[in-house]
Amino acid sequence: MKSAPWQLLAFGKPRLLDPAGQAVRCEARTLALLSYLALEGPTPRSRLAGLLWPETAESAARNNLVHLLRRMAKSHHPDLIQAGEAVALGTALDSDLRGWTEGSHTASAEVPGGALLDGLSFDEQPDLAEWLLAQRERLDAARVGRLAAAAASAEDAGDLEGAVALARRLLDLDPLSEDGWRRLMRLHYLSGDRPAALRAYHRCQEVLARELGVDPLPETRELARLIDQGAVQGPARPAAPRIPLAVRRPPVLVGRADAWAQMDAAWARGQGVILMGEPGVGKTRLALDFLAEHGGGMRFEGRPGDAGLLYATHARTYGQVLAAYPDLELPDWVRGELSRILPALGAAPKPSPRKPRNCASGRPRWRCWAGPWRAGCATWSLTTCSTWTKPAWRRGLRVRPAGLGPAGRPVPHHPYGAQGRTDALSGGDAADPGGRRAGGPD
């Protein structure tokens, strides 16, 4: 758009900007007149007078138009309008409607958002109101076409992030378009974000049910099914992947329906979950997919090297919680005891030789360590454990994975040994963060 002293922004809330970029006060008729001329071009005075003052005699209406043009020239700029027998926009005004006239094939660098003259209504000017409605529909269709073409070009170029952003703008213009929802679902999936693709499908369901009282079309439901199975075909010439193939095309979970159902039931009751099974059978994959489907969360890992360093797993876990909640207020006695394993919190208090089970404040030490969990958020936990033949290790897997049991009672944490790896994922808000085993060997 060429630089001009004055700017008319007609998309969205309409504004007239002076050369300094400041919005100036305008009558609704002034904004309607400028927008009409920007889209229709030079227009006879009689036509404009009839649109703006339909219930007034023609001579009086033309006289009103003269006064309106004079006020515009005096209050704003004399060259906003060329006022001959046919009225047209002047050289001092530019507009975001440039390139959007009917029949124009000029590609605009930007596709503006918002409805034409959004917020303005002209109930007392029925012909003008009818013209505005028709122009809004035409401009919406034109913008949808340009955004769709831009999204396709971005996808072909491998810019999936840009294509997703354009697809969202398409749905802002036409939220009832199932073509737009399918495009967004597919692009999310091709970007490696299958949960986002399924969330888009559920939003499509909600919008259609609320606005039209109907279900999505069969092709939309089929696409959702293929996404759920990880079976959507990508473009013929995909761009170089930015993320691993296993993330962009995740394998299909097979034979996990029973475990998933038990996990869903535990989630609904606010209980923890422990997944047990031999190494390599897919526990972590199942846990990550389940948590992603339920809004995500924090992932805590027990690592083989932790066995050689006291409280290494605890220190890393509490560090993650405190990093996720930087504004978390900890009592001084809790901060002091945690500083024994988290030096970043400050100097640790001196040991208490007489009461080794208590912290410096005299409180049980487990209460100090449970502080971040109680003060930060109620947790829902899901733990995956590799099972081994050693009886003591198998017994250790059956403890609750969360730091607190029902009613805030402490639950012991077994150290994660070097014989196996445990992935703990916690997230969401639950009334009872205590765990109960759900699922079984996977």
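The values are calculated or read from the model by the stated rules, or taken from the named source; none is laboratory data. These figures come from a predicted structure and were not determined experimentally. Ideal geometry is used to build each Cβ from the backbone, glycine not excepted, and the neighbour counts take in all protein chains shown.
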**Message:** I need the full set of residues from segment 3-40 which are farther than 17 Å from GLN82 by Cβ, more than 34 Å from the chain's Cα centre (by Cα) and not small (Gly, Ala, Ser), in order please.
**Reply:** ASP18, PRO19, VAL24, ARG25, CYS26, GLU27, ARG29, LEU31
**Prompt:** Of the residues that make up segment 72-93, is at least one at pLDDT below 95, under 23 Å from ASP140 (Cα atoms) and out of contact with any helix residue (DSSP H, G or I) (no Cβ under 6 Å at 6 or more places or on another chain)?
**Reply:** no
**Asked** Among the residues of segment 32-45, is any farther than 25 Å from VAL111 by Cβ and either small (Gly, Ala, Ser) or touching a His at 6+ places or on another chain (Cβ under 9 Å) (or both)?
**Response** no
**Fill in**
Log entry, pairs with first residue in segment 75-99 being in the same structural domain as ARG25 (by TED's automatic domain parsing) and in a loop (DSSP other than H, G, I, E, B), second being of a type in the set (Lys, Arg) and modelled with pLDDT of 90 or more, beta carbons closer than 7 Å, six or more apart or on different chains, reads GLU85/ARG45
**Prompt:** Which of the residues spanning segment 147-165 are part of a helix (DSSP H, G or I), touching a residue at least 40 places away in the same chain (Cβ under 8 Å) and more than 18 Å from the chain's Cα centre (by Cα)?
**Reply:** GLU155, ASP156
**Asked** With respect to ARG168, is the statement that it is assigned to a helix (DSSP H, G or I) and farther than 23 Å from GLY114 by Cα true?
**Response** no
**Message:** Residues to consider are THR43, THR30; find the one that is β-branched (Val, Ile, Thr), in the same structural domain as ALA88 (by TED's automatic domain parsing) and buried (at least 18 other Cβ atoms within 10 Å of the Cβ).
**Reply:** THR30
**Asked** Are there any pairs, at least 6 apart or on different chains, whose C-beta atoms fall under 9 Å, with the first in segment 135-146 and closer than 15 Å to ALA165 by Cα and the second of a type in the set (S, T, N, Q) and at pLDDT below 90, and if so, which?
**Response** ARG146/SER108
**Request:** Would you please name the residue that is surrounded by the most Cβ atoms within 10 Å (Cβ to Cβ), looking only at residues in segment 116-133 that are assigned to a helix (DSSP H, G or I) and without any contact (Cβ under 8 Å) to a residue 40 or more places away in the chain?
**Result:** ALA129
**Request:** Take segment 175-224 and flag every residue that is over 15 Å from the mean Cα position of the chain (by Cα), among the small types (Gly, Ala, Ser) and assigned to a helix (DSSP H, G or I).
**Result:** GLY180, ALA209, ALA224
**Request:** Inspect segment 60-71 for any residue being surrounded by 15 or more Cβ atoms within 10 Å (Cβ to Cβ) and either touching a His at 6+ places or on another chain (Cβ under 6 Å) or in a loop (DSSP other than H, G, I, E, B) (or both) and give the result as yes or no.
**Result:** no
